[in-house]
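Structure first, then comments.
Rule-based calculations on the coordinates, nothing more; no lab input. Here the structure is a predicted model, which means the values were calculated and not measured. Virtual Cβ from ideal backbone geometry, glycine too; neighbours counted across all protein chains shown.
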Amino acid sequence: MGRRRKRRTHVKTDEAAAAKVPKSFVIKSGVVGRSLSLLVKDVRKTMEPNTALRLRERKGNKLKDFLHVAGQLSVTHLLIFSKTSAGINLRIGRIPRGPTLTFRVNSYALTPDVLALQSRPKSPGTEFNSAPLVVLNNFGGDAKHVKLMATMFQNLFPPIQVQTMKLADARRVILFNLNSETGEIEFRHYCIRVKVTGVSKSVKTIIQTDVPDLRRYDDISDYILRGAFASESDVEDNGEATVTLPQKYIGKGNRQAEQRAIRLVEMGPRMQMSLLKIQAGMCDGEVLYHSLVQKTPAEIKEQDQRRKKSEAERARRRAEQEKNVAKKQAAKGAAEGEDVDEKSDSDDYSLEDEELEEEEEDDMHEDQS
């Protein structure tokens, strides 16, 4: 029997690149109710595959428990949903040192509610095997809090490498739209669909699916020619939505260099939220921005002085700690050196004792002789 040769067909994962991929925990804090718990699950689904989908929270869990586990699992972001008497809050924090952005969720719609509005909703398949693309709209300007929001939203998901990216991995889109007038942020989740363009529904059915039911027709030409009497909405001739596929894409007939129409189908959930405040640390620390509290120039100057004083105090304590550590290490090294010297001295004494015993034994033998 011949020896089987192994031919590895899978692509080896780059551990260095995998370590840089953002990972997240999506959790709820406190008593939130059934509806908000479902929203937490929907948001976890949108963050796939780089999130803990089956994460379960317990009543006794504290924030430090999740932060401790996050460090071991290389988790970079933490999304916390909570409910108070004022409303629903969403905190997005960078692990381990922040910053933390707190949003007020004004309204939301769950995934089943979004799919119920569609005439022909499609069940998701393999779209969640790859990370979504992030689209930020109207996040320009010089405002620091807007720039920080844009950076936080972008860093929640892996960056796009245009040179090495596969077109088949672009399956979903997450949209963050900022309303410049109200300051409200709209969160939407879409699935990318590729459709045949420039043909009627009859021809499209034959191209994209299996052979349709033709029992009602005498000839296949009757089925195809009925598209000539179709309405304008049945024919896709919108040139703006037509693209040429640079690579092979998911689906039947979506080969390279083919003309296809790109459509976005909403998957849910939806959220309307507003930025409430920004903290320097992980769910704590100095408040860098607050939408409801405006500080005077004198208060801002005092805040800067406190921050500089705190940084100087932290640097002083760090230097003092390093000095104490070096002092302890030097003392430990000196103690180990003394132990070695004492051990060598004891070895010399033992040798001298053995020599004396040998001399006494020789003298005794001479006397007996």
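Which of 262, 80, 160 has the fewest other C-beta atoms within 10 Å, and how do the rest follow up to the most?
Working: 262 15, 80 21, 160 12.
Lowest to highest Cβ neighbour count: 160, 262, 80.
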Quiz item: At what distance in nm do the modelled label points of residue 304 and residue 247 sit from each other, each positioned 7 Å from its Cα along Cα→Cβ?
Solution: 4.8 nm
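Among the listed pairs 41/64; 28/64; 28/59, which have their C-alpha atoms separated by more than 20 angstrom in this model? The partial results should precede the final answer.
Numbers: 41/64 22 Å; 28/64 14 Å; 28/59 10 Å.
From the list (41/64; 28/64; 28/59), the Cα-Cα distance tops 20 Å for 41/64.
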Quiz item: Arranged from highest to lowest average of other beta-carbon atoms within 10 Å per residue, in what order do the peptides 282-289, 118-125 appear?
Solution: 282-289, 118-125
Quiz item: In what sequence do 267, 273 fall when counting other Cβ within 10 Å, fewest first?
Solution: 273, 267
